[in-house]
Amino acid sequence: MDELSRRKMLLAGGALGALGALGSATPASARSAWNWAASGSVAGAGAPSDPQWVWDDEADQVLGAVIERGEVPRVNELLRTWTRNDQPLPAGLPEDLRQFMEKARQLPSWADQAKLGTAAKFNRTKGIYVGALYGLGSGLMSTAIPARRAPCTTPRAVRT
């Protein structure tokens, strides 16, 4: 066995530290199960599926066709200036993509235009305050939310 030196100890410690840092920097994929009831959604119906594993078959087919035809760079260039749903779609988009986008950007029947207008006006005039309060509040709440504990089973004192 080689003689142990200060230099070798420092190198070994540095290697172990780097390995530990690399291990802790690896993102964990453990997630809690999705448990949102579909009745609690805006639409009020649907399957209670984890959104990370829900796919949009119609969009996947259209975008898959765009990729297969090699039209991604051209489509990206055409859509570069399209920033809002109320703008007309750019000329030159593939027809299947244009039809999908026209259908997808229609508001659902339950959308209330008056409420959406009021919210948009509020965000235009007070958005900076909302953003500041949201940033402050979320920072505070991230430190204030207690760990989930079992409910207390101790009976309350009864006044006589």
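The values are calculated or read from the model by the stated rules, or taken from the named source; none is laboratory data. This structure is a prediction, so every number in the text was calculated from the model and none was measured. Please note: Cβ atoms are built from the backbone with ideal geometry, for glycine as well, and neighbour counts cover all protein chains shown. Accessible surface areas use protein heavy atoms only, side chains included; no ligands, DNA or RNA. Shrake-Rupley method; radii C 1.70, N 1.55, O 1.52, S 1.80 Å.
A few points about this structure:
- Residue-span extension gain [Arg124 to Glu95] - 0.36 nm each, minus C-alpha spacing: 7.0 nm
- Cβ-Cβ distance of Ala104 and Leu140, R₀ of 22 Å, FRET efficiency by 1/(1 + (r/R0)^6): the value works out to about 0.05.
- Counting only residues at least eight positions apart within a chain, or on another chain, the lysines with an alpha carbon under 25 Å from that of Lys103 are Lys115.
- Share of carbon and sulfur in the accessible heavy-atom surface of the range 60-128 [1.4 Å probe, %]: 57 percent
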